[in-house]
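Reviewing the structure listed below.
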Amino acid sequence: MHQKENAVADLAKVLFLQKDQAKLMQKTIEKRKQVQEEVFQNRWSEIVNLARLAEDGEVQRLERQIESLRTQLARKTSEKSKADMKNKLSIRQRRLKKLLWAQRQTVMHKKAQKALKEAADLEHEIAGKKAEEALLLELDAAYEMQKEQLIKQEADLALALSIQSRRYQDFLSKIEFEGIGRNQIARLDRDQIEAILRSRPEELVGFKRQRGELESLERLQTLTKKDIWHLKPLSGHSKTEQEVLQAQLSGELPNHLQEERISLLELKLRSEEWRKDLILMEEDTDADIKLRQGWKQGRVSEERIWKGEMQQRLELLSMEEAPQRLQILHKLATVQKDIRRFQRQISSLLPNSKIHDHISPLLHNPVARSLVPKSLLSPLQAPFTLEGVTIEWSDVYDAEWADQWPEEVVHDHVGMVKRDRFVPIPNTYRIPPQYPLTEQELLQKFLEMASSENGNSSKVVNVPLVVQEEPVAANSQKTGIWKYLPDIRKPFTRATA
């Protein structure tokens, strides 16, 4: 027989021998469990009988006999009679101790059984909590992945915004504004520029398009930053935000935060009233220019405060509940705290309880284990199982050299062997190339995202565009030695002038 055939047949035979040995070992373990139960049942029946006698008044009868024997012993004078009396007294004292011990054992056994039942209930609770913990961890991982994608999107969006801003400035530099310097153009708002370009329709359309794209990208950037803020864990926020968010997680804001919310709301109302009054003042005559200018200065300073930290603070305080990820993390911390609490309760119910698989379920009670010799409680050698055994073949058909294999064994292909290890030839696996996006593609991607948002939260992360490789025609395939040479791509096919 061939050497490979011998090796394969021997491997199959060894696995069958291991399987048979595991069956014998498992039978030994089961037989030992039966012996443990028999020993315990014999000892326990004796203890139950003794405890029943103690409950029926045997203890009081023995105590009376012991007291009587002690009185008689004090009256005896001869040594022989004293020795006989002491022997009778010791027998009854040992009998009394055994009855009291049996009584204590039954009481302790009942308490241990009750503790085991409570521990089983706690284990059931822990299993449910761990399933909930796994679900919350999965949700948190999904939020973390979404946050990382949004951070990457924010970086790409900042690049797109800078490109669009540069194009907008280039567009403005090409427009001729009469009587306005180049430095003053950037200070004009949208309405002022549209008023200037009202008589020039083509330039007005171009301006609206450029400015609209810039503003849509800015809105998308704001939404993306807001989404990232909502996906941050508690440690990623500032101390002030942590204080408010923790208060929202607990369900109630402290008094000083409630007062701050009221003061900020008053500030917002006052700023809105100032804005309305300013609109009315714009309709007044030119005699009120000085008053209007001073009012504008006050309004600007108020809005500067309002658009800064105080507005963000009010938005945070006005939230009815904490962000979804913080709620998930709060629930996760609560669940993990409950699991630790249940585990501490089990440890207090069953201290120093080390139970292995080779012990009968009847001996899970510590009182029951104390009645069985330690030689029957020591763990045996764990049986070898074929579960999870996988044989990887360089040639799967070599397994046919053995007549039969155990059903538990899985056969698989080893994959790449030593003689096949080589550097793959380019385009062998037809992986589509991924080029960096051009400026136009990057802008187009985010402008489409901004148009699809319509003021809603972004939450949608687009992956970079992947250029699919066109299939190679059948008549253009290489033949001979040329098919082993890589294709040299034209590096400037996607470049724009």
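Throughout, read-outs are computed from the coordinates displayed, never taken from laboratory work. Because the structure is a prediction, the values reported are computed rather than measured. Note that we place each Cβ from the backbone using ideal geometry, even for glycine, and neighbour counts take in every protein chain shown.
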Roughly speaking, what is the stretch gain from Asn87 to Leu265, that is 0.36 nm per residue apart minus the C-alpha to C-alpha distance, in nm to one decimal? 54.5 nm
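For Lys97, Lys129, Lys88, which order do you get if you count the other beta carbons within 10 Å of each Cβ and list the fewest first?
Values: Lys97 11, Lys129 18, Lys88 15.
Ordered by Cβ neighbours within 10 Å, fewest first: Lys97, Lys88, Lys129.
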What distance in nm separates the simple spin-label points at Glu123 and Val410, each placed 7 Å from Cα in the Cβ direction? 2.8 nm
Per-pair calculated FRET efficiency, R0 = 45 Å: Met25 and Arg344 via Cβ, rounded to 0.05: 0.80
Of all GluC sites (Glu not before Pro) in the range 73-181, which ones are in loop regions per DSSP and have a Cβ with at most 14 other Cβ atoms within 10 Å? Glu176, Glu178
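Step through the table entries Lys33/Lys88; Lys76/Lys98; Lys110/Lys331, compare each Cα-Cα distance with 32 Å, and write down the pairs that go over it.
On the way: Lys33/Lys88 41 Å; Lys76/Lys98 28 Å; Lys110/Lys331 37 Å.
Beyond 32 Å: Lys33/Lys88; Lys110/Lys331.
Listed here are the pairs Lys31/Lys111; Lys354/Lys374; Lys239/Lys337; Lys117/Lys354; Lys152/Lys232; which of them are more than 19 Å apart at the Cα? Don't skip to the end; give the middle numbers.
Details: Lys31/Lys111 29 Å; Lys354/Lys374 13 Å; Lys239/Lys337 24 Å; Lys117/Lys354 17 Å; Lys152/Lys232 14 Å.
Check vs 19 Å cut-off fails for Lys31/Lys111; Lys239/Lys337.
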Which FRET efficiency value, to the nearest 0.05, is calculated for Glu387 and Glu63 with the Förster distance at 41 angstrom and r the Cβ-Cβ distance? 0.10
Once you put a point 7 Å from the Cα of Leu253 and another 7 Å from the Cα of Ile151, both along the Cβ direction, what distance in nm separates them? 3.0 nm
Debye calculation, C-alpha points only, no solvent: report log10 I(q)/I(0) for the range 1-70 at q = 0.12, 0.15, 0.29 Å⁻¹, in the same order as the q values. -0.63, -0.74, -1.10
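Rounded, prolate or oblate for the range 93-170? Axes are the square roots of the Cα gyration tensor eigenvalues, ordered a ≥ b ≥ c, and the cut-off for rounded is a/c under 1.5.
prolate
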What order do you get for His413, His109 when you list them from fewest to most C-beta neighbours inside 10 Å? His413, His109
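Figure the gain on full extension for Gln324 and Thr77 (residue separation times 0.36 nm, minus the Cα-Cα span) and round it to one decimal in nm.
On the way: separation 247, 0.36 × 247 = 88.92 nm, distance 9.21 nm.
Length gained between Gln324 and Thr77: 79.7 nm.
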